[in-house]
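Enquirer: Can you read through this structure? Questions will come right after.
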Amino acid sequence: MKKRYLDGSDIDPNWLLDHSSEVIPVKDYFEGHVGMINIHKVKHPIPVDYDSEDVLVDNNHKCVMYLPKDKTWCASAYYNHNNDIIEWYFDMTKHNRVDEEGRPYYLDLYLDIVVDSKGTVTVLDEDELLEALEQGIISEEDVKQAKTTCEELIGDWVSNKEFMVDFFNQYLNMI
């Protein structure tokens, strides 16, 4: 399981040349944290994770991440240099916490949901989830939690594109 930080400190330096970030606590839909990663310069563009020609990360792109306290998911919205949405990405998590230095993070449970700008929903990496179970990295309970969370998110968040646009745009314009 990978530990992922909202401040982007765990971003792979093999493709990222320059970025800045800010993380703020929030109490709105849920209590938690929102992070904004401004990607100033990359070594090369990063394509989306599914069958598309879109570029997910490039120079002057942004990512707004929402990490709710006491939930088992993290939601991200990726924007291009014009602040147009590229995709929403939901990570299923084992837990969401704040470390001893005050930095919010989550433990990634492999299973993901991606929603493109048109609203097409794709569930990703179920094979990685099952492989992690077979290797003893995660438990049967973790698999059940990830799948249940995935189903709930598809029903509660993903099915309401207008809500997702409004919700993430408020943070895009705030931070």
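Enquirer: Can you give the Rg and Dmax of the stretch 65-128 based on its C-alpha atoms, in angstrom?
Expert: 13.1, 40
Enquirer: Let me ask something else. In the chain, which longest range has no GluC sites (Glu not before Pro) that are both DSSP loop (not H, G, I, E or B) and surrounded by at most 13 other Cβ atoms within 10 Å?
Expert: Details: sites that count: Glu53, Glu100, Glu101.
Counting only loop sites that pass the neighbour cut-off, the longest clear stretch is 102-175.
Enquirer: Then there's this: On a straight-distance basis, which aspartates and glutamates could pair with Lys118 in a cross-link, Cα separation under 14 angstrom, same-chain partners fewer than 8 positions away excluded?
Expert: Asp51, Glu53, Asp54, Asp84, Glu87, Glu162
Enquirer: Compute the signed sum of charges (Lys and Arg +1, Asp and Glu -1) over the other residues within less than 9 Å, Cβ to Cβ, of Ile86. Can you show the working numbers first?
Expert: Values: positive: none; negative: Asp54, Asp84, Glu87, Asp116.
Net of charged neighbours comes to -4.
Enquirer: Let me ask you something else. Report the charge-dipole magnitude of the chain in Debye, nearest 20, computed about the Cα centre from +1 at each Lys and Arg Cβ and -1 at each Asp and Glu Cβ.
Expert: Numbers: 16 positive and 36 negative charges, 123 e Å.
Approximately 580 debye in magnitude.
Enquirer: Further, regarding this structure: Counting other beta carbons within 10 Å of each Cβ, put Cys150, Cys74 in order, fewest first. Before the final figure, lay out each step's value.
Expert: Details: Cys150 22, Cys74 26.
Going from least to most buried by this count: Cys150, Cys74.
Enquirer: Short version: ³J(HN,Hα) in whole Hz for each residue of the stretch 156-167, in order, from phi by Karplus 6.51 cos²θ - 1.76 cosθ + 1.60 (θ = phi - 60°), x for Gly and Pro, what are they?
Expert: 8, 9, 4, 6, 10, 4, 4, 4, 4, 4, 5, 4
Enquirer: Per the Kirkwood treatment, what hydrodynamic radius in Å, one decimal, follows for the stretch 1-90 from the mean inverse distance over all distinct Cα pairs?
Expert: Value: 13.7 Å, from the Cα pair sum.
Enquirer: When the Karplus curve 6.51 cos²θ - 1.76 cosθ + 1.60 is applied with θ = phi - 60°, which whole-Hz ³J(HN,Hα) does each residue of the stretch 92-103 get, with x for Gly and Pro?
Expert: Each residue of the stretch 92-103 in turn: 7, 10, 6, 6, 10, 9, 10, 7, 5, 8, x, 9 Hz.
Enquirer: Could I ask something else about it? Computed over the Cα atoms of the chain, what is the ratio Rg over Rh, Rh following Kirkwood?
Expert: On the way: Rg = 15.4 Å, Rh = 16.4 Å.
Using Cα coordinates only, the ratio equals 0.94.
Enquirer: Out of residues 5 or more away from Gly8 or on other chains, whose amide H comes under 5 Å of its own, with H placed 1.01 Å from N in the peptide plane?
Expert: Answer set, sorted by chain and number: none.
Enquirer: Still on this model: What is the calculated FRET efficiency for Phe163 to Asp54, with r their C-beta to C-beta distance and R₀ = 25 Å, to the nearest 0.05?
Expert: Values: r = 22 Å, r/R0 = 0.88.
For R0 = 25 Å, the calculated efficiency reads 0.70.
Enquirer: Please give the calculated 222 nm ellipticity per residue for the chain, where each DSSP H segment of at least 4 residues contributes -39500 (n - 2.57) and the sum is spread over every residue; nearest 500 deg cm²/dmol? Show your work: numbers first, answer last.
Expert: Working: 3 runs with 37 residues, N = 175.
-6500 deg cm²/dmol, from helical runs alone.
Enquirer: Still on this model: Just to be sure I follow the definition: excluding the sites themselves, where is the longest run in the chain that has none of the trypsin sites (Lys or Arg not before Pro) in a DSSP loop with at most 12 other Cβ atoms within 10 Å? Before the final figure, lay out each step's value.
Expert: Numbers: sites that count: Lys2, Lys43, Lys118.
With trypsin sites (Lys or Arg not before Pro) excluded where exposed in loops, the chain gives 44-117 as its longest stretch.
Enquirer: On a 20 Å Cα-Cα criterion, which of the cross-link pairs Lys2/Lys71; Lys27/Lys62; Lys3/Lys161; Lys41/Lys69; Lys43/Lys94; Lys69/Lys94 come out too long? Intermediate values should be presented prior to the final figure.
Expert: Values: Lys2/Lys71 17 Å; Lys27/Lys62 22 Å; Lys3/Lys161 28 Å; Lys41/Lys69 31 Å; Lys43/Lys94 32 Å; Lys69/Lys94 12 Å.
Distance filter (> 20 Å) returns Lys27/Lys62; Lys3/Lys161; Lys41/Lys69; Lys43/Lys94.
All of the numbers you see were taken from the coordinates with simple rules; none came from a lab. A quick note: this is a predicted structure, and the numbers were derived from the prediction, not measured. Note: ideal-geometry Cβ built from the backbone for every residue, glycine included; neighbour counts use all protein chains shown.
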